[in-house]
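A.B. asks: Mind looking over this structure? Questions follow.
The values are calculated or read from the model by the stated rules, or taken from the named source; none is laboratory data. The shown structure was predicted, so the numbers you read here are calculated from the model rather than taken from an experiment. Reconstructed Cβ throughout: ideal geometry from the backbone, glycine too, with neighbour counts over all protein chains shown. For the accessible areas, the whole protein counts, side chains as well, though only heavy atoms, and no ligand, DNA or RNA atoms are used. Shrake-Rupley method; radii C 1.70, N 1.55, O 1.52, S 1.80 Å.
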Amino acid sequence: MPEELSKQYNPKDTEEKWYKIWEENNLFSAKVSPDKKPFCIVIPPPNVTGILHMGHALNNTIQDILIRYHRMKGDEALWMPGTDHAGIATQNVVERSLAKEGIKRQDLGIDKFIARVWEWKERNGSTIIAQLKKLGASCDWPRTRFTMDKAYSESVSEAFVWLYKKKLIYQGYYIINWCPRCQTALSDEEASHVEMQGSLYYLKYPLKNNPAEFITVATTRPETMLGDTAVAVNPKDSRYKEYIGKTLILPLVNREIKIIADSVVDVQFGTGAVKVTPAHDPNDYRMGKKHNLEFINVMAPDGKMNSLAGKFSGLDRFKAREALLEELKQMGLLEKIQEHKLSIGHCYRCHTIVEPYLSKQWFVKMQPLAKPAIKVVKKGKIKFYPPRWTKVYLNWMENIQDWCISRQIWWGHRIPVYYCRSCQAKNPAKGIIVSKVKPEKCPKCASTDIFQEKDVLDTWFSSWLWPFATFYWPQTKGLSPKGTSPKKDLKYFYPTSVLVTAPEIIFFWVARMIMAGLEFKKQIPFKDVYIHGTVRDIEGKKMSKSLGNVIDPLEVIAEYGTDALRFSLISITSQGQDVYLSKERFEQGRNFANKIWNASRFILMNLKPANSSADLCVFFKNEKLDIANRWIISRFYSSLKKIDGDLAAYRFNEAANTLYSFFWHEFCDWYLELIKPRISEKQTQLVMYKVLEKTLRLAHPFMPFISEEIWQRLPQAKDSIMRQKWPHLQPDLINPDDEKQMQLAFDIINTVRNMRAEMEVSLNSRIEIKLILCGKSTEKTITPLINYIKNLAKVDRLSLIEKYIPEPNEFACVFKDMHIVMPLKGITDVAEQIKKNQAKIDKLKSEIVNKKAMLANKNFLARAPKEIIDTEKVKLKDMHEQVSKLEVIKNGLR
C-alpha cells in the first residue's frame, strides 16, 4: 500500500530526491530508435562563466516542457546539453581573478595563462550545469559538450579549412570594431550602439596658399584628425566647387592634404565639408580606397595615441581630445562646439566605447552563405514563432555584411593557419598554410620553422556549428564518449526539431546556425525557432544588478520550490512577449502546487484501491454514468485537446492556464464538491481517480517534481511518471451537451450565491428557490441537476415552475431564459434591503456627478497626466456599471 501523502507539500523533501533517482536510472537518456520518431533540442549553451538567472530559467523551462512532453508522447526525445567557452567573457573573469593576486596575463604568457583558464573552468565551469539540474532540466547529461573540448575543436578547424578552400574566408586590412579594453576586434553584432549626448566640433583647416582662408569641417571625434589625409566635399555643393583640388594644411601636424569631391558627402551635415580619416572610420576607409589616399593609424590597440600622433603620443584617446581641442582653441582654429546626439558602439562584454580601427583581420564572406538561408525561411522550411521575427531575420540576412571572425585574445580556438618563416622571409605574402593540424614541414620549401596564427576565432564561430558539432561532426567512425555512434546519432537526430532562444541572439547565433547547417550538412539545423521574450521587473525594466531589481531564481526555488518557479514563469509568458515579474508572482505556482497536493490527498484518502483499476474508456462504454462524471470526463478531454494544440503551436502560457483552470476550477471547485455526498460510489471512485492520474501526467512537463511525488503514491503506479504515456485524446468522450448542461447548473448556483450575498443572507440559512422555466430551459434539462444545485447553493427546497406570479417579500433575478426567485419572508427585512439599496444608488449617482465635473474641468485636463485622466474615466465607467447592477436588484425586490 503506497504511503499516505503528508498534510503539507514540502518541495525540499522531494526535488533533490527525485532528480537523483531520475539520473541514476538514466531516464533522460536518448538513443537511436528506428521505430520511434526523433525529437531533439540542442540547448543554447550557457557560458561557463554563467550563473542561473531568470532568462535561463524561462528558456530552459520551455525546453524541458517540450522534451518531457515529447518523451511522454512516445518520441525519442533528446535534449543535448553543453556549455560555451565564451572567449572574451571567460578571459575577463580569469584576468580579474589574477588581478587579485597582482598578476597580469602578460606576466604569465599565453601557455601558462591558458592553463590557468582551464583550471578555472574545471573548478567553476560546471556551476551552471548544477543549477540547471536544480531547475529540473532533463538533459541527457552524459552527452554534455564543451565548445573547447578536443573533438569539438576539431569540428571548428574542419569548418574553417572547409570555408577557406571554398575562398569564403579571407584576410585583409579593414576598419573593424575595436575594443581598447579587451584589445580585440568585435563583429558588428558584438558592438551594439547606444544613443548618447555628444558634441559636434567645428575645426578650421587653413588653405596652403592662403593661410587666412579656411575650410571648416565638423566632426564628432576630433582626436582622429591627426590621421586625416583629405577633406571631402560633395561635387554638387556650390559652396566648395572652387576649392576642389586645392591643398589644406592639417593643423597641429602641418601635413598637406587635398580637398577631394565625393558624392557620399552629405551637404546637410555640419558645414558640408568633412575630414577624411581612412584608418579610423568605415565610410572614410571606403573613400580612402576609392581616392587612393594614405592610411594613417594614430591610435595604439589600448586606445592611447601612438607615435604618429606626435606630441599627443601616449595620451588616452579622450584625454588627447581635450588637449587637442585646447591647442586648437589657442590657435583660433576651434570655431564652435554644438551639442549633438550620436549612436556609439559599445563592447558587448565590458561596455567600453569601441573604436573604428584599421586592422588586419580574418573574415567570412557572408552573402554566398546567406542566400540559401534566406530561401529556406521564405519557403517555410524553417518557421519562426512568433512569425513577426521572420521579417527581422530576413531584413538582416538580406543586408548582411562580411563577418570578422578573428579575435586578439588568448582564450579560444586558435585559427588553424600556420606560417613558414623561411617562405615569409622571401615574401611576406607567402608561406601561409591552412591546416586542421600543425604541419611537420612547409609543403613548399620543406622548412620545419613553422608557427601558428596567434589570433583566436570569434566564440560564435564555434557556436554556429552547435546543432551538428555536438554529434561529433565530421567524425564518422568509432564511438563518442557516451558509447554511441556519432554517424548514426547525427543521421537520426539531425535536423533537430526546435530551437528555443532569446531575440538578442537571432543575428549572433540563430541566423549563423542556419547558414552553417546548410553549408556543412546541406540540411536545415532545426524546423522551428521559438523566440521568447525578455524577463523584466514588474515595471518593465530589464533586470540588472545595478538597478537592484534582480530576482534570483535559486532564491525563488528555496522559498517556493522549483515547480512553483516553473509554472509561474510559464503561465505569465505570452508567446514572444516580455515577462513582467515580481517575487509575488511565484505565489501562484506555489498555491497551485498546494492545490494539486491537497486535492490528491483528499482523493487518495477516500479511494478504495480496488475501484481504481478499470480502464476508463471501457468503463464509460459499459456503464451508465451520471451527468457529473460524464461532464468531468468531457472537460478533461476538451482540456487535453486544447493543451495539445497549444503546445504544438508553442503557446505555453495558454497550455499552462488551461491546465490550471481545469484542475483548480473545474475539477476541485466543482467536481470534487459535486461528488462529496456520494464519493464512495464505484463509478465516482473510478472517475475521480482516473481524472486525477491523467491530470498528473498533463502536469508533469510543467511541474515534474510534485507530479512524480504524487504519482508514486497512486495505487496503480508503476515506474516513474516520466515513463508514462501522455494521455491519448478520446474525442468520443467529449460531449458538448453534457458540458453545456452542467454549466447551466453552475450558473444557477453562482446566481443563487450572489443573490444571498446581495440580500445579506447567511450561508447557514437554508432557503427556498423557485426556478420559473421558459423558452429552451425545460424541466428535463434541469431535473438531473436539482440535487447538485440544492447541495452547493445550500437550498432546502427547489421548485420548478412554468409560470411566474410575483409575490411580496421576494427577490427575483432574470437569468438567461428563466427567473430565479428567492422568497425572503422570515429571512431578511425586504423594506430595509430596498432602503439600503437605494442609499447605495443615491451615493453613487452623487459621485458620478462630481466625477463628470472633474473630467469636464479644462484645468484638470490640461495639468493631469494622461494615465491619471484614463484612470478617472475607468472609475466613472465602473460607477455607472454599479448603478446599473443596483437598479436590477432594486427591480427584483418586492
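A.B. asks: Ordered by packing density, taken as the mean number of other Cβ atoms within 10 Å over each peptide's residues, highest first, how do 366-377, 25-36 rank?
C.D. replies: Values: 366-377: 16.8, 25-36: 14.6.
Top to bottom by mean Cβ count within 10 Å: 366-377, 25-36.
A.B. asks: With respect to the cross-link table entries 167/275; 246/360; 166/426; 275/341; 521/725; 36/522, which display a Cα-Cα separation exceeding 30 Å?
C.D. replies: Over 30 Å apart, Cα to Cα: 167/275; 246/360; 521/725.
A.B. asks: Which one, 157, 193, 141, is farthest towards the positive end of the dipole of the range 129-244 when Lys and Arg carry +1 and Asp and Glu -1 on their Cβ?
C.D. replies: Highest projection toward the positive end goes to 141.
A.B. asks: Which of the GluC sites (Glu not before Pro) found in the range 70-170 are loop residues per DSSP with 14 or fewer other Cβ atoms within 10 Å of their Cβ?
C.D. replies: Passing sites in the range 70-170 are 101.
A.B. asks: Of the options 795, 500, 366, report the single residue whose Cα projects farthest towards the positive end of the charge dipole of the chain (beta-carbon charges: Lys, Arg +1; Asp, Glu -1).
C.D. replies: 366
A.B. asks: How many angstrom lie between the C-alpha centres of the range 171-198 and the range 599-645?
C.D. replies: 62
A.B. asks: Which part of the range 722-747 falls in the paramagnetic zone of residue 787, meaning amide N under 17 Å from the point 7 Å along Cα-to-beta-carbon?
C.D. replies: Output list for this probe position: 742, 745-746.
A.B. asks: To the nearest 20 Debye, how big is the dipole of the range 408-498 about its Cα centre, given +1 on the beta carbon of each Lys and Arg and -1 on that of each Asp and Glu?
C.D. replies: The calculation lands at about 340 debye.
A.B. asks: From the list [x] 85.9; [y] 51.2; [z] 47.8, can you say which value of mean projected area of the Cα convex hull in nm² was derived from the structure given?
C.D. replies: [y]
A.B. asks: Same structure again: Multiply the residue separation of residue 839 and residue 583 by 0.36 nm, subtract the distance between their alpha-carbon atoms, and state the gained length in nm to one decimal.
C.D. replies: Between residue 839 and residue 583, full extension yields an extra 88.0 nm.
A.B. asks: Per residue, how large is the accessible surface of the chain? Use a 1.4 angstrom probe and give square angstrom.
C.D. replies: It amounts to 46 Å² per residue over the chain.
A.B. asks: From the protein chains alone at 1.4 Å, what is the descending order of accessible area for 781, 90, largest first?
C.D. replies: Of 781, 90, the descending order of accessible area is 781, 90.
A.B. asks: Roughly what would the spin-label model give for residue 874 and residue 610, points 7 Å off Cα along C-beta, in nm?
C.D. replies: 5.8
A.B. asks: Now for a different question. Straight-line reach only, C-alpha to C-alpha below 18 angstrom: list the aspartates and glutamates that residue 794 could link to, leaving out same-chain residues fewer than 8 apart.
C.D. replies: Those aspartates and glutamates meeting the cut-off are 669, 673, 747, 758, 760, 768, 810.
A.B. asks: Also: At residue 817 and residue 856, where each label point lies 7 Å from the Cα along Cα→Cβ, what is the point-to-point distance in nanometres?
C.D. replies: If labels sit at residue 817 and residue 856, their model points lie 4.4 nm apart.
A.B. asks: Whenever you get a sec, line up 786, 557 from highest to lowest accessible area (probe 1.4 Å, protein heavy atoms).
C.D. replies: On the way: 786 35, 557 10 Å².
Ranked from most to least accessible, the order is 786, 557.
A.B. asks: Something else: If you place +1 on the Cβ of every Lys and Arg, -1 on the Cβ of every Asp and Glu, and leave all else neutral, what size is the dipole of the chain about its Cα centre, to the nearest 20 Debye?
C.D. replies: Here the chain has a charge dipole of around 1740 debye.
A.B. asks: Given the pairs 608/718; 290/454; 383/488, which span a C-alpha to C-alpha distance of over 23 angstrom in this model? Could the numbers behind the result be given before it?
C.D. replies: Values: 608/718 18 Å; 290/454 31 Å; 383/488 26 Å.
Distance filter (> 23 Å) returns 290/454; 383/488.
A.B. asks: Next question. In whole angstrom, how far apart do the alpha carbon centroids of the range 112-146 and the range 821-869 sit?
C.D. replies: Rounded to whole Å, the Cα centres lie 63 Å apart.
A.B. asks: How about the range 54-149: which trypsin sites (Lys or Arg not before Pro) there lie in a loop by DSSP and see at most 11 other Cβ atoms within 10 Å?
C.D. replies: 100, 104
A.B. asks: Separate question: Could you list the trypsin sites (Lys or Arg not before Pro) in the range 734-771 that lie in coil according to DSSP, counting only those with at most 14 other Cβ atoms within 10 Å of their Cβ?
C.D. replies: Those that pass, being in a loop and sparsely packed, are 766.
A.B. asks: Ok, one more. Cα centroid distance between the range 447-471 and the range 219-258, in Å?
C.D. replies: 43
A.B. asks: A further question follows. Rounded to the nearest 0.05, what FRET efficiency do residue 165 and residue 866 give with R0 = 60 Å and r taken as the Cβ-Cβ distance? Could you check?
C.D. replies: Step by step, r from the Cβ atoms, then E = 0.45.
A.B. asks: Report, to the nearest 10°, how far helix 317-330 tilts away from the longest principal axis of the Cα atoms in the chain, using its own Cα long axis and a range of 0 to 90°.
C.D. replies: Taking the Cα atoms of the chain, the angle to 317-330 is about 60 degrees.
A.B. asks: Let me ask another. Taking all protein chains together and a probe of 1.4 Å, list 281, 140 from the most accessible to the least accessible.
C.D. replies: Result, largest first: 281, 140.
A.B. asks: How would the range 192-234 be classified by its alpha-carbon gyration tensor: rounded, prolate or oblate, with rounded meaning a/c under 1.5 and the a/b versus b/c comparison settling the rest?
C.D. replies: Prolate shape, in that a/c is at least 1.5 and a/b is the bigger ratio.
A.B. asks: Using the Cα centre as the reference, give the magnitude of the dipole from point charges on the C-beta atoms of the range 389-451 (Lys, Arg: +1; Asp, Glu: -1; all else neutral), rounded to the nearest 20 debye.
C.D. replies: The calculation lands at about 260 debye.
A.B. asks: Counting Lys and Arg as +1 and Asp and Glu as -1, what is the net charge of the other residues whose Cβ lies under 10 Å from the Cβ of residue 571?
C.D. replies: Values: positive: 566, 585; negative: 654.
Spelling it out: positives minus negatives among the neighbours equals +1.
A.B. asks: Considering the options 830, 865, 781, tell which one lies farthest towards the positive end of the dipole of the range 772-894, charges being +1 on Lys and Arg and -1 on Asp and Glu at the Cβ, about the Cα centre.
C.D. replies: Projecting each Cα onto the dipole axis, the largest value belongs to 865.
A.B. asks: Something else now. Excluding residues on the same chain fewer than 8 positions from residue 843, give the lysines whose Cα lies under 17 Å from its Cα.
C.D. replies: 835, 851, 852, 875, 877, 885, 890
A.B. asks: Sticking with this structure for a sec: Efficiency by 1/(1 + (r/R0)^6): what FRET value for residue 831 and residue 7, r their Cβ-Cβ distance, R0 = 56 Å, to the nearest 0.05?
C.D. replies: 0.70
A.B. asks: Packing-wise, with mean Cβ within 10 Å as the measure, how do 510-518, 338-346 rank, highest first?
C.D. replies: Going by the mean number of other Cβ atoms within 10 Å, highest first, we get 510-518, 338-346.
A.B. asks: Separate question: Based on the Cβ-Cβ distance of residue 491 and residue 239, what FRET efficiency does E = 1/(1 + (r/R0)^6) give at R0 = 60 Å, to the nearest 0.05?
C.D. replies: With a Förster radius of 60 Å, E is 0.30.
A.B. asks: Another question, then. At a 1.4 Å probe, what is the % contribution of carbon and sulfur to the accessible area of the chain?
C.D. replies: 50
A.B. asks: Give me the net charge of residue 198's neighbourhood, meaning all other residues with Cβ under 12 Å from the Cβ of residue 198; Lys, Arg count +1, Asp, Glu -1.
C.D. replies: Net local charge, residue 198 excluded: +1.
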